[in-house]
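A short reminder: the numbers here are calculations on the coordinates, not readings from a lab. The structure presented is a predicted model; accordingly, all values stated were derived computationally and were not measured. Note that each Cβ is placed from the backbone with ideal geometry, even for glycine, and that neighbours are counted across all protein chains shown.
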């Protein structure tokens, strides 16, 4: 018997591909999605109590494409008898735990999602792809055929050079924070290295849990200060389809320079988080008490050395151009993430696709990898897009917009409407020609 030929196979099941699966279920397009994890979990190591999603609830999996879709967040609230509590709560931002539960609720209902399946290869044939998956439950390889592929393998923790061999229970990445939290709170001195939202959330959570006077907390930040996310209305228009159009049309060098100017939008800290942190510090120092807290901006950690007791950090104060050493018991690396490109991807496709530099492959406006040959079977990517589609490449509010492009391209027609004229600003002078 011949194998079925899917219209599209998605590799990885994170929020982006989960949203794609939810939208595809309402179409005639056939699909299957694979992930090597046992079940859906969204950043389980960072689901800290009291922390909210940084985008409004409307940035769910389907609303921007179809508000009537059964997998909207509003329908999730309705199905879980939370409409009135949400109504009285009067907040656009929702708890991260609730967002994760919403995603799991969608994943449990969708057909064609295969967890515990590791994709080991994708073979490029003349008019289709063959996807090889290893079924961990049955310990066997399986082969699937598809017209198109969507790579949604997300990102993986970025750690500093030379720190791979340090004990994971002592020097951890924020992605594993909750798994090690109890041990961290038992320590006498914990140092967080980083300056973004994750660094501040972890630092704040430890500060709020800090019960002992002999526990010291340190935050070492490479940036010039703890700067807040720019949430002004016109600033947020840099996360609109119009701006993605503008950004993608720039040259590679122009795009790189453009990203450098958007630091407050890409790496700023939520104002509510900063307010909570300042309030905690104010209360802890009321009446002349000592906070046992050190926050040191403009400080880059160059290396971490294991000692008989604890760890010695080699640091550099950038403005003073001075180096110093700092002793601590535990280290939390809030050093961000990097694209997770599977080894088979580079083995199979590195020479077949076009590259803008050694790390950045060329991507079309419709999120296709640009191949050196002409083809009708497309390979889409949701991973490693900042260089091609801008700061909004990792923004949940634009993920549905991206999936609309992909579905319409695969279907060869407009299945879902994409929003137009969404910005009051005009970004390109070509609009006046």
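Quick notes
- Value of relative contact order over the stretch 1-61, rounded to a whole percent, pairs C-alpha under 8 Å and six or more apart: 39 percent
- Using alpha-carbon coordinates, inclination of helix 96-109 to the longest axis of the chain, degrees: 30 degrees
- Extension gain for the segment residue 253 to residue 232, taken as residue separation times 0.36 nm less the Cα-Cα distance, is 4.9 nm to one decimal.
- By average C-beta atoms within 10 angstrom, highest first, the peptides 394-406, 267-279: 394-406, 267-279
- Ranked by how many other beta carbons lie within 10 Å on average, peptides 133-145, 169-181, 54-66 from highest: 54-66, 169-181, 133-145
- Whole-Å distance, taken between Cα centres, linking the stretch 227-300 and the stretch 1-80: 27 Å
- Burial ordering of 46, 51, fewest other beta-carbon atoms within 10 Å first: 46, 51
- Here is the size of the chain from its Cα atoms: Rg then Dmax, 23.1, 79 Å.
- Eigenvalues of the alpha-carbon gyration tensor of the stretch 149-307, scaled by 5 and square-rooted, set the equivalent ellipsoid semi-axes at 33, 22, 14 angstrom, largest first.
- Gain in span if fully extended, residue 156 to residue 286, counting 0.36 nm per residue against the direct Cα distance: 42.7 nm
- Each of 92, 86 was scored by other Cβ atoms within 10 Å of its Cβ. Listed from fewest to most, they are 92, 86.
- Principal semi-axes of the equivalent ellipsoid, √(5λ) from the alpha carbon gyration tensor of the stretch 29-138, are 32, 17, 12 Å from largest down.
- Helix axis angle, 197-209 relative to the chain longest principal axis, alpha carbon, degrees: 40 degrees
- A Förster radius of 60 Å combined with the Cβ-Cβ distance from residue 81 to residue 362 puts the calculated FRET efficiency at roughly 0.80.
- Scoring 280-293, 216-229, 193-206 by mean Cβ neighbours within 10 Å over their residues and listing the highest first yields 193-206, 216-229, 280-293.
- Taking label positions 7 Å along the Cα-Cβ direction at both residue 305 and residue 350, the computed distance is 3.5 nm, reported to one decimal.
- Residue order, fewest to most surrounding Cβ atoms within 10 angstrom, among 305, 98: 305, 98
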